[in-house]
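Student: To start, I am sharing the structure in question, which I have written as structure tokens.
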Amino acid sequence: MRRKALLMVMLLVGAIFAGSIAVMANNGSDDFPDLPRDHRVGPAVYALVDQEIISGFPDGTFRFQDNITRGDAAVMIARALSYEDLNNPNVTFEDPFVDIPTTDRYFNAANWLKEQQITGGYPDGTFAPRDTITRAEMAVILSRAFALEKTSDTYSFSDRGGSTQDFVQALYDQGITEGIGGGRFGSDDNITRGDFSVFVHRSMGSGDVTPPEDDDAEEPEEFRVVDIY
């Protein structure tokens, strides 16, 4: 009798365990709990995850609404351009940024982008890797990184900026952005982890991602990439 009871308990535990595995599988264990695939930025984010350009945090989240930093943006661009020495501790650079130690996780990415003339940093020789990045700065970096060119004779946004206007217009002309509404690009606004993923994905030409980022009126998108793994 005791043996029969023990067998019944084992079968019950097995059934519960199997059921829990099935539920986990059906829920998509590889998905971020804070980012549904059908979210506005979901298709771009998951496409970049599949290409190992970006991933989530140790707690399993993606945090698409956090503001992205300059350093994390540099890492993403370097990966998107297939930079092979991203984690090579023996890489040296002729004129590295003065505020990024050689042991910093942003050192290789930021300085490689500098060598490729994709970013130049600030006049004092710094890069400020942990500062946020604006949409205008993003336009400059993406236009240079992916050779996006302005093709129209006019400008589409009232807040395009002086030194950045051609880069901003290039994103519009190439179908990368439609702005944030009201004839504005939002040049001085910080860009989020989710929206930056959308811009990178579009710039790479890796697929159709809709709707555009200018639908933020309904659902503001912030995003921070302080730890892109």
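Student: If packing is taken as the average number of other Cβ atoms within 10 Å across a peptide's residues, how do 119-132, 86-99 rank, most packed first?
Tutor: Averaged packing, sorted descending, gives the order 119-132, 86-99.
Student: Mind running the shape call on the range 77-138? Use the C-alpha gyration tensor, a ≥ b ≥ c as the square roots of the eigenvalues: rounded below 1.5 for a/c, prolate if a/b tops b/c, oblate otherwise.
Tutor: Here the range 77-138 falls in the oblate category.
Student: If you take the beta carbon distance between Thr92 and Asp166 as r and set R0 to 30 Å, what does 1/(1 + (r/R0)^6) give as a FRET efficiency, to the nearest 0.05?
Tutor: Using R0 = 30 Å, I get an efficiency of 0.35.
Student: Next question. I need the shape label for the range 32-217. Rule: rounded when a/c is under 1.5, else prolate if a/b > b/c, else oblate, with a, b, c from the alpha carbon gyration tensor.
Tutor: oblate
Student: Quickly work out the Ser55-to-Asp153 label distance, labels modelled 7 Å from Cα along the C-beta direction, and quote it in nm with one decimal.
Tutor: Between Asp153 and Ser55, the label points sit 5.1 nm apart.
Student: Per-residue HN-Hα couplings for the range 72-80, Karplus 6.51 cos²θ - 1.76 cosθ + 1.60 at θ = phi - 60°, whole Hz, x for Gly and Pro?
Tutor: Values per residue, Gly and Pro as x: 5, 4, 5, 4, 4, 5, 4, 5, 4 Hz.
Student: Can you tell me what the convex hull of the Cα atoms of the range 33-122 projects to on average, as an area in nm²?
Tutor: With every direction weighted equally, the projected area is 6.7 nm².
A short reminder: the numbers here are calculations on the coordinates, not readings from a lab. Since the structure is predicted, the reported quantities are computational estimates derived from the model, not experimental observations. All Cβ positions, even for glycine, are placed from backbone atoms using ideal geometry, and neighbour counts span all protein chains on display.
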